Amino acid sequence: MSGFLAVERAVRSAAPHALLDAARAALIEHYEALSVELLMADYGLTVLQPVTALPHTNEPLSLHASPEGRAFGSQEPYGQYAAQDGAVDLYLPVTVRGDRLGILTVRLPKHRCTPQAVDDLTDAAELLGHEIVVAERDTDLYLQARRASRLTLAAEMQWQLLPGRSCTRQEYAVGAQLEPAYAIHGDNFDWATTAETLTLCITNGMGEGIQASLLTNLAVNALRNARRAGIGIADQAALADQALYAQHRGTQYVSTLLLSFELATGKVQVVDAGSPQLWRQRDKVVERVPFEAQFPLGMFDDTPYAAQEFEVLPGDRMIFVSDGVYAAAGQADEKYGERALARAIQAASLLPAAAVPRAVLGELADYRGDAAASDDELVVCLDWFGRDTPVIR
């Protein structure tokens, strides 16, 4: 049996909380690994947290000023000589379909650090990521390791509602981030893909704290329920609107931007029901894409919704932002505004989609200075590649 197959068998047969222990033992036996550690990216995307049992005693590492952070940002294996014994430290991305979870660090004797071993261990890190996603149904270990501080209850509810933080496919790459990561309440994003479509939804439930989180949970699950029934986005919006109105009789509502992308053609249907905005970067031009505004979900009884259409081209980058971004106030109580947002989008041009939201939110934080955020801040980036060849049916 090859070394990789032995590692795979060990990890797949391990208990949910023991994935790292199983991987470590197999890597020591089959690759002579000297040490093996797993680091998870925290909710704020600022540090990499070691996976250990509570209470956590190992120090987190910077996501922006460490070799582990370099591998996380580049999504490429990175190696360097260790300070002792001439060993090599390998930093391997733990990523699942574009969703960047963390880094697997493996220290190997120099004579075992061959190109084949690096390839094997890179595959092992990806395998570990897939097993972590499955294991999170049954253990809190990996979710606990993502926390640099305690989440509010509202934030706990929101993060559990999300599909992930990034996703990559032949036709597109999407990345998203919420701030304040540990105290978010009403903003949310959701996506789902089929062989032919991508559905993307940006939501912003009114209010604060638990109430806003409960409202958004109802809206997102109502939209998912309608989407999974196989109906179009206009009817998805209408059914979610009815569910919200039936519960709150118009006293609470949810601003929503709902889009359905046809993967083969780039044709898009959109329902604009509230405050989230879409910005597009095409070539070097950054501009807002306006739509005909319709009522937020749940504001009135039996609101009819209509889908509008537009088209995306290969190479287009789309940035979706909540009102907590474009209407944020700076130190002089001046709103962030369109020019500042366009500059932030332009400044992130060379970054992959998964890294763009954090970069834009970083620019916003610099603009605010010492002023605290007064609202949730959400940024979603969608890079459109298109489909080069027709799908064989």
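The values are calculated or read from the model by the stated rules, or taken from the named source; none is laboratory data. It should be emphasised that the depicted structure is a prediction, and the values quoted were computed from it without experimental measurement. When we count neighbours, we look across all protein chains shown, and the Cβ atoms used for this are built from the backbone with ideal geometry, even at glycine. Ligands, DNA and RNA are stripped out before the accessible areas are found, and what is left, the full protein with its side chains, is counted by its heavy atoms. Shrake-Rupley method; radii C 1.70, N 1.55, O 1.52, S 1.80 Å.
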Next on the checklist: Leaving out ligands and nucleic acids, and using a 1.4 Å probe, what accessible area per residue does the chain come to in Å²?
Outcome noted: 45 Å²
Next on the checklist: Counting only protein heavy atoms and a 1.4 Å probe, tell me what percentage of the chain's accessible area is made up of carbon and sulfur.
Outcome noted: 51 percent
Next on the checklist: Could you tell me the relative contact order of the chain? Use alpha-carbon pairs under 8 Å, at least six residues apart, and round to a whole percent.
Outcome noted: 13 percent
Checklist entry - What accessible surface, in Å², does a 1.4 Å probe find on Cys113, ignoring ligands, DNA and RNA and rounding to the nearest 10? => result 40 Å²
Item to check | Residues with amide H under 5 Å from that of Leu34, placed H, sequence gap 5 or more | outcome: Arg107, Leu108
Item to check | Acute angle (nearest 10 degrees) that the helix 233-248 long axis makes with the longest principal axis of the chain, alpha-carbon atoms | outcome: 80 degrees
Checklist outcome for this item: Scalar couplings 3J(HN,Hα) for segment 349-359 by Karplus 6.51 cos²θ - 1.76 cosθ + 1.60 (θ = phi - 60°), nearest whole Hz, x for Gly and Pro, are 4, 8, 7, x, 3, 5, 9, 5, x, 5, 5
Item to check | Extension gain (nm, one decimal) between Thr265 and Val289, 0.36 nm per residue minus Cα-Cα | outcome: 6.7 nm
Checklist outcome for this item: Per the 1/(1 + (r/R0)^6) rule, R0 = 35 Å and r from the Cβ atoms of His64 and Thr114, FRET efficiency to 0.05 is 0.70
Next on the checklist: Which residue fluctuates most in the GNM of the chain (Cα springs below 10 Å): Gly209, Gly175, Gly324?
Outcome noted: Gly209
Checklist outcome for this item: On the formula 1/(1 + (r/R0)^6), with r taken between the Cβ atoms of Thr197 and Ser13 and R0 of 35 Å, the FRET efficiency rounded to 0.05 is 0.45
Checklist entry - What nm value, rounded to one decimal, do you get for the distance between Ile231 and Ala365 when each label is placed 7 Å out toward the C-beta? => result 4.2 nm
Checklist entry - Got a sec to turn the phi values of segment 11-26 into Karplus ³J(HN,Hα) couplings, 6.51 cos²θ - 1.76 cosθ + 1.60 with θ = phi - 60°, whole Hz, x for Gly and Pro? => result 5, 5, 9, 6, 5, x, 7, 10, 4, 5, 4, 5, 5, 4, 4, 5
Checklist entry - If the cut-off is a Cα-Cα distance under 12 Å, which aspartates and glutamates reach Lys335, setting aside same-chain residues fewer than 8 apart in sequence? => result Asp323
Checklist entry - Which loop GluC sites (Glu not before Pro) in segment 1-82, with loop taken from DSSP, have no more than 16 other Cβ atoms within 10 angstrom of their Cβ? => result Glu32
Checklist entry - At what distance in angstrom do the alpha carbon centres of segment 180-220 and segment 307-371 lie from each other? => result 18 Å
Next on the checklist: Can you give the FRET efficiency to the nearest 0.05 for Ala306 and Gln346, using r as the Cβ-Cβ distance and R₀ = 45 Å?
Outcome noted: 0.85
Checklist entry - Once Rh is set to the Kirkwood radius over Cα pairs, what Stokes-Einstein translational diffusion coefficient, in µm²/s, holds for segment 332-387 at a temperature of 10 °C and a viscosity of 1.306 mPa s? => result 128 µm²/s
Item to check | Candidates per GluC sites (Glu not before Pro) in segment 250-348, loop by DSSP, up to 15 other Cβ within 10 Å | outcome: Glu292, Glu334
Item to check | Percent breakdown of C-alpha pair distances by 10 Å bin, ordered from the shortest bin, for segment 274-338 | outcome: 16, 38, 32, 13, 1
Item to check | Ellipticity estimate at 222 nm from DSSP helix runs (n ≥ 4, -39,500 (n - 2.57)) divided over the chain, nearest 500 | outcome: -10000 deg cm²/dmol
Next on the checklist: Looking at the chain as a GNM with Cα springs under 10 Å, which of Gly205, Gly164, Gly369 has the largest mean-square fluctuation?
Outcome noted: Gly369
